[in-house]
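The values are calculated or read from the model by the stated rules, or taken from the named source; none is laboratory data. Remember, it's a predicted structure, so these values are computed and weren't measured experimentally. Cβ placement follows ideal geometry from the backbone for every residue including glycine, while neighbour counts extend to all protein chains displayed.
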Amino acid sequence: MDGVVLGGFALRQKIGEGGFGTVYLAEQQGLGRAAVVKVMRRSLAVRGDATERFELEARLACRLDHPCAAHIYAFGAEDDGTLWIAMELVKGTSLETLLESGPLSLERAIPMLERLCDAVQTAHAQGIVHRDIKPANVMVAAKAGRLMPKLLDFGIAKQLVASDVQLSEVPAVRVKRATRPPPQPMAALDHTAQPVSALDHTMPSAGSQTLAATVAATTPTLAATVAATTPTTSTAPATSLTQAGQILGSPPYMAPEQWIDPSLVGPWTDQYALALLAYEALSGKRACNGRSLAELAEQHLEAPLPRPPGISDAIHSVLARAAAKEPKDRYPDLDAFVAALRAATGWTDDAVEPVPGMRAELQAGWTADAPQPIAEAITALIAARSPNRVSERVMIVGRVIARWLGVLAIASRSRIGRIDSHTSPIADRLRDLRRRAPRDDEWIELAVGLGREFADSPETWPIPELAIWCADQGAIDALRELVRGEHTIADGDLGDRARAIRQIAALERILDGLGWLLDYEVGREVPSGVELWVGPRSDDRVIRKGPSDGDRVVVLDADGARVVLLAPLVVIAAPMAGEPEELFVFSGPSRTGAALHTTFPRGFERDDVGLWSWLADHVLETSESSEHTSLDERAPYPGLAAFTTSDHGSFVGREREATELVNRLRAQPIVAVVGPSGAGKSSFLAAGVIPTLPTGWQAITIRPGRDPLSILASIRTRVDASPYRDGHHSEPLEPSADLGAHLVATAARHAGTLVLIIDQAEELFTQGATDEQRVAFARAVIALSTSPHARVVLGVRDDFLCRVEELAPWRGVIAHSVQILGVPGRGDLERIVTEPARRLGYDFEDAALPAKMVDEVVDRPGALPLLSFAAAELWDRRDRHFKRITKLAYEQIGGVSGALVQHADGVVDRMTVVDRKLVRLAFRRLLTAEGARIVHGRSELVAALGGGPAASHIVERLLAARLIVSRDDDGGERVEIIHEALTRTWPRLDAWRQQDASGAKLHEQLVAAARHWAERDRPEGLLWRDAALADLRRWRSTNDRGLTPVEAAFAETSERVARRARRRKLVT
């Protein structure tokens, strides 16, 4: 299944297989996040209502959020019956591997076991039983000398429901030891290998003939007990994935009730496994090490816990009770088990004292009445079972509060009116929201910057107490110190408990000062009033009766009046189909550039493409008019982004070319749209061509990407699912050997004409596809184009046209089906600037301004994106009162090139330190010492940056960001800075040039000398000597400029020849 996409997770590599199914390393598309995906065996998936039961249990497991439990990201059931679950990829070493080196010390083992038990106890509180706790399912990482565990495989956990057996109802496990013959070889276990597990091996069910035969051969009494206590038909409720008679677990760690009647498992079952895990961690040996399933079963059911050296009697007594044969004899819960284990160590430090906690009245008030994210964070703090966990969760509470105050302040400001984006000191912070996610302390600064000016007249602020708080420097500093962890740093010499006590005290003071938050209720408008979202999550929510205007999230005061509209900063929605709704809070930009909303504590994400426009319309600008700006007034300019099909109404200047392409498709089965970088091919196809296709024609747009065959195969499901969706595709099917025939059959099933648009076809050569994949892709596309029910359009960069044509299946076809898409003429460029705004009722204040804008860039590479970006900036600064685009706004953005300067800073700011260094090197190569632009070969530039994937990636990013452009000539692909205005007005670039000025001239000379040397077949007479070589040595010792291979060879050869000359001189 490699390459298959399940629910947005692309399977990359098979990493394991067992009785439950197959495990794959995967990547979550869009987020680029590594994950592990388990795919259930078909034999399990087809059993009765397996799909429904799987989804119910996986949904419950998804709700578990604990730092010591691997997160479950998503799950799903495919149309073909495939069941899958995606989980966090946990790095570290398994506890099983760690224990191969010997037992753990008491000082390391007990805190680790406490954290592990805390995670399992949290699961039990949410109705989840793990059922397969073992060292192999625990990953550990060392942090600050502590072992931090993470429990895996909650995806197969059992859901506890009302119909499940309770501890008081568990029948006694009475299996008497019987004389038996020596163990038989069947079901023998190799204890040097991985432990036997129902997940790793196919294990017979209790009550099955196979298990009965195995047990009967060795232990007749045990066999009789199993037969007597195991039902022959399923009696488990529909909400349990495993039915009665099915075993899930690992035999060396399975509790007696799992062997006798697996339907009786409960929290007590996990306690048994944890006791055996603790025994193994402290002794280095398994408690049960039978050589067969029957022998293991008998040990679990009858044998007492062994007494190995190295474990004290007190600790052994605790473990023996937790591993009691009868569930009723074990500890009532894991908290009690941990407390007994901690007491048995004999430690007398403060770790055995009660865990520090908040005052009871604070706990009650904030968990009941605080907005849900804050209430959830405080609930998690209250549940902490160790001082270290208290310290961690105190900081989390502070961070959640900080973001909530920032969002609340933005929403409050939007009701009063927009700030002056050109003079307000907080404007830059608001603009930064689109560039990067604020740090925790920056959310506080944002709230203070928006609300402090109203502290003297708080009645003018929607939430007066917030304005007053914003002027309380002591309260601000206290919260800032908490989220920055400054208490932890200052208390570094304290013990864990003392540090936790101080942090709790600091949090209590902060909550006392924010008590006014509890006087305001957060809710969502519903037909009968407002549904409250305060306190921890609950299926039953209070509805405050009253009028309602829709389904927006609002803040109510003590009288029930709406004081602040939180939407779209806060939204309530289901994170995925079948999941309960969550409260999403704005947190910054997503990887796609949209606004990102996240939930706490589960971390679900949701993009909102409209929030940036909302910020501009409601927060960032002031207006002398009180007229409300409609949120439906969509920005007609995409900036440097591509147009989509929904932008057809504002896409102008290409009408003639679009009509020509549609007419070509009526007569030709395949057409290649070819143009230079920056010509707008993607926008042309999406907004110009697709919306004008004849009735009955359906367009599917793909990009080849890293796995072109899987992407191509995906159109089979998309045709049957829905029409074009702006480039988003559903899960691809596994590509077959005869993909072309399948595509033809797919087109034939379609009611009209299928138009396959392959955008950025050059990705066949830039994203790592093999020659075989490219040829297979081209062959399938040609096969599709032969169908009378299909048409094919390729969008190709002009410098890749020859390589596309050279693919054998396309040879002689593409060259005869080309439509050139060049830079629009002057008249069309002016229409591109003016017409979208005019269609929304806006005009340019100065009628000559559009022509002036075009004059700046006409006949230059990148003219279209430069104009589009500048127009988008002008639209953000439009005069909403008189519906004009002003000359003042044009001057403020610095003209067409000035707008790009601001963009350039944003591009570099979002890069890592290493990437910024490469960007700086790239601009060094593209400028002379005097600041004039230089045209370089693309391969030459990549080599100068050090070569390899990192250098190529930087060049691609600069091209994608339109900071540089490429063109093709007889010498190959050439790149240059997009416009000389960028070199004149970009402060960062100017600073780089100033710092590099001392060596820039010498570097120019080196480039010229090395090129001339290489062109003349590298004669020694052209090498540098004496003073020139001495200057080169000094320059190379103090500069990190990248050199091309030719330049490096020139410098090294000069040195070598000089050394040889010195040796000869010494000899003579």
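For this structure, a couple of remarks:
- Residue within region 540-550 that is modelled with pLDDT under 95, of a type in the set (A, V, I, L, M) and over 27 Å from Gly30 (Cα atoms) present: yes
- Residue under evaluation Leu888, criteria (1) part of a helix (DSSP H, G or I); (2) of a type in the set (A, V, I, L, M, F, W, C); (3) closer than 28 Å to Val965 by Cβ, criterion not met: (3)
- Scanning region 7-23 turns up at least one residue that is at pLDDT 75 or above, assigned to a loop (DSSP other than H, G, I, E, B) and within 22 Å of Ala713 (Cα to Cα).
- Ala778 meets all of the listed conditions (1) hydrophobic (A, V, I, L, M, F, W, C); (2) under 14 Å from Arg703 (Cβ atoms); (3) part of a helix (DSSP H, G or I) but one, namely (2).
- Residue in region 680-688 that is free of Cβ contacts under 8 Å to residues at least 24 places away in the same chain and either in contact with a Cys (Cβ under 6 Å, 6 or more places away or on another chain) or assigned to a helix (DSSP H, G or I) (or both) present: no
- Scanning region 517-564 for residues that are touching a Leu at 6+ places or on another chain (Cβ under 7 Å) and of a type in the set (Gly, Ala, Ser) turns up just one, Gly523.
- Among residues of region 431-461, those that are part of a helix (DSSP H, G or I) and free of Cβ contacts under 8 Å to residues at least 12 places away in the same chain, counted: 4
- Looking only at region 318-337, residues that are out of contact with any Cys (no Cβ under 9 Å at 6 or more places or on another chain), buried (at least 22 other Cβ atoms within 10 Å of the Cβ) and assigned to a helix (DSSP H, G or I) come to 4 in all.
- Matching residues in region 589-612 - criterion: being surrounded by fewer than 19 Cβ atoms within 10 Å (Cβ to Cβ), modelled with pLDDT of 85 or more and either of a type in the set (Gly, Ala, Ser) or over 24 Å from Arg910 (Cα atoms) (or both): Ala594, Gly610
- Scope region 818-841; condition at pLDDT 90 or above and part of a loop (DSSP other than H, G, I, E, B); matching residues: Leu821
- Single condition Leu784 does not satisfy, out of (1) within 14 Å of Gly740 (Cα to Cα); (2) crowded, with 16+ Cβ neighbours inside 10 Å; (3) over 36 Å from the mean Cα position of the chain (by Cα): (3)
- Among the conditions (1) out of contact with any helix residue (DSSP H, G or I) (no Cβ under 6 Å at 6 or more places or on another chain); (2) modelled with pLDDT of 80 or more; (3) closer than 30 Å to Ala642 by Cβ; (4) part of a helix (DSSP H, G or I), His1012 misses just one, which is (3).
- Residues satisfying the stated conditions in region 369-423, i.e. polar (S, T, N, Q) and in contact with a helix residue (DSSP H, G or I) (Cβ under 8 Å, 6 or more places away or on another chain): Thr379, Ser386, Asn388, Ser391, Ser412, Ser414, Ser421
- Of the strands (runs of 3 or more DSSP E) lying entirely inside region 462-569, the ones with 1 or more residues being of a type in the set (A, V, I, L, M) and touching a residue at least 60 places away in the same chain (Cβ under 8 Å) are found at 521-526, 553-556, 562-565.
- Residues in region 919-933 that are surrounded by 14 or more Cβ atoms within 10 Å (Cβ to Cβ) and without any contact (Cβ under 8 Å) to a residue 60 or more places away in the chain: Val919, Ala922, Leu926, Arg933.
- In this structure, Arg910 does not satisfy being of a type in the set (D, E, K, R) and crowded, with 20+ Cβ neighbours inside 10 Å.
Matching residues to (1) under 31 Å from the mean Cα position of the chain (by Cα); (2) surrounded by fewer than 22 Cβ atoms within 10 Å (Cβ to Cβ); (3) of a type outside the set (Lys, Arg):
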position: His316; (1), (2), (3): no, yes, yes
position: Ile378; (1), (2), (3): yes, no, yes
position: Ala383; (1), (2), (3): yes, yes, yes
position: Val390; (1), (2), (3): yes, no, yes
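- Evaluation of Ala899 against the conditions (1) under 20 Å from Leu615 (Cα atoms); (2) crowded, with 19+ Cβ neighbours inside 10 Å; (3) in contact (Cβ under 8 Å) with a residue 60 or more places away in the chain shows that the sole unmet condition is (3).
- Residues satisfying the criterion are present in region 821-838 (criterion: among the polar types (S, T, N, Q), at negative phi, surrounded by 14 or more Cβ atoms within 10 Å (Cβ to Cβ) and free of Cβ contacts under 8 Å to residues at least 40 places away in the same chain).
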